[in-house]
Amino acid sequence: MKVIVAKTAGFCFGVKRAVEKVYEQIERQEGPIYTFGPIIHNENVVRDLEARGVRVIESEEELHTLEKGTVIIRSHGACRRVYEEIEKKGMNLVDATCPFVKKIHRIVEEHSAEGYTILIIGNGSHPEVEGIRGWCRGRSVVLENKKEAQDLRLEPGERACVVSQTTFNYKKFQDIVEILEERGYNSIVVNTICNATHERQVEARDVASGVESMIVIGGKNSSNTQKLYEICRSVCKNTYYIQTFEDLQSQNFQSGDSVGITAGASTPNTIIEEVHTNVGIKF
């Protein structure tokens, strides 16, 4: 059996940086350690951190109850209010927000302060998008698909600044921007999709189009992994979405003579290697 592993599979720069920051705080052992939301969308990593004493804070309400310790902002970022609350309480703040996400925060903060309506192309319920909206100083609208773009109504003379969730599907981003441009809106477009995300998506499609079966590895709540699965599934019918090798064993996997493997940005190399090593042996 031929097994092809995508070169871009696994931790991206922002995720690797965020995880390393948490382990650095663990080594210092300077009181309780919290992450605002799961540091990344990978259950294996989160469980390992919890076993080392790191507690996940799920909401701003829960944040209010803390009295001391270190709060680490997850890689997806958070709204301005979270930063203000941590500083107000005098707790140690460690910002592990991906630098590419931080760039979007600056863009929307500056343009919304100048009176622009912020149009965010992405999933409105995703923590990254929720965080982006939390840096807007005026109106913001989330557009997840072409219909929502078609239904959008801006007032005459209303200026808009268009940004994107870093892990959004590049083709879908282009389609939505095209609709906005056809409407003739007074808008500026900033493509904030991470280059690593785009490269990962392009390579995933290339690998999936040349194999009989495709394996996509990542957390079930990982937006970028879900996008990879959609892309691979569109060109390879036998595409499987798993978190660990054990998941593959329960999915009636059909390997064929060639198998491709890719993984989301929050997937540790150890899991990718486990799948790579075992897929040819057990199937």
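The values are calculated or read from the model by the stated rules, or taken from the named source; none is laboratory data. Values in this document were obtained by computation on a predicted structure and should not be read as measured data. Cβ: placed from backbone, ideal geometry, glycine included. Neighbour counts: every protein chain shown. Calculation scope for accessible area: heavy atoms of the full protein, side chains included, ligands and nucleic acids excluded. Shrake-Rupley method; radii C 1.70, N 1.55, O 1.52, S 1.80 Å.
Structural remarks
- For a paramagnetic label modelled on T244 (point 7 Å from Cα along Cα→Cβ), amide N atoms under 17 Å away belong, within region 37-74, to 41-52.
- Comparing V108, V71, V189 in a Gaussian network model of the chain (Cα springs below 10 Å), the most mobile by mean-square fluctuation is V189.
- Karplus-based coupling profile of region 143-152, in residue order and whole Hz: 10, 9, 8, 5, 4, 5, 5, 5, 7, 5, with θ = phi - 60° in 6.51 cos²θ - 1.76 cosθ + 1.60 and x standing for Gly or Pro.
- Gyration tensor verdict on region 1-127 (Cα atoms; rounded if a/c is under 1.5, prolate if a/b is larger than b/c, oblate otherwise): oblate
- Largest accessible area first, the listed residues S213, S187 line up as S187, S213 when surface is computed with a 1.4 Å probe on the assembled protein chains.
- Heavy-atom SASA rank of E60, E24 (probe 1.4 Å, accessible area, largest first): E24, E60
- Spin-label pair N191/K237, simplified geometry with 7 Å Cα→Cβ offset, distance in nm: 3.4 nm
- List T8, T277, T192, ordered by accessible area with a 1.4 Å probe, largest first: T277, T8, T192
- Length released on extending from E50 to E273, taking residue separation times 0.36 nm less the Cα-Cα span: 77.9 nm
- Whole-Hz couplings from phi, Karplus 6.51/-1.76/1.60, listed for region 160-165; x for Gly and Pro: 10, 10, 9, 10, 9, 4
- Rounded percent of accessible protein surface that carbon and sulfur make up, the chain, 1.4 Å probe: 44 percent
- Calculated on C-alpha atoms, the gyration radius of region 48-89 divided by its Kirkwood radius gives an Rg/Rh of 0.95.
- Restricting the calculation to Cα atoms, region 190-283 shows an Rg/Rh of 0.96 when the hydrodynamic-style radius is the Kirkwood one.
- Heavy-atom accessible area per residue - the chain, 1.4 Å, Å²: 47 Å²
- Where a label projected 7 Å from the Cα of L66 along Cα→Cβ would reach, residues of region 2-38 with amide N under 17 Å: 18-38
- Pairwise FRET efficiency - R139 versus E181, Cβ, R0 = 25 Å, nearest 0.05: 0.80
- Gaussian network model of the chain, springs between alpha carbon atoms under 10 Å - residue of G184, G124, G77 with greatest fluctuation: G184
- For region 170-184, Karplus couplings with θ = phi - 60° (6.51, -1.76, 1.60), whole Hz, Gly/Pro x: 4, 5, 5, 4, 4, 4, 5, 4, 4, 5, 4, 5, 5, 6, x
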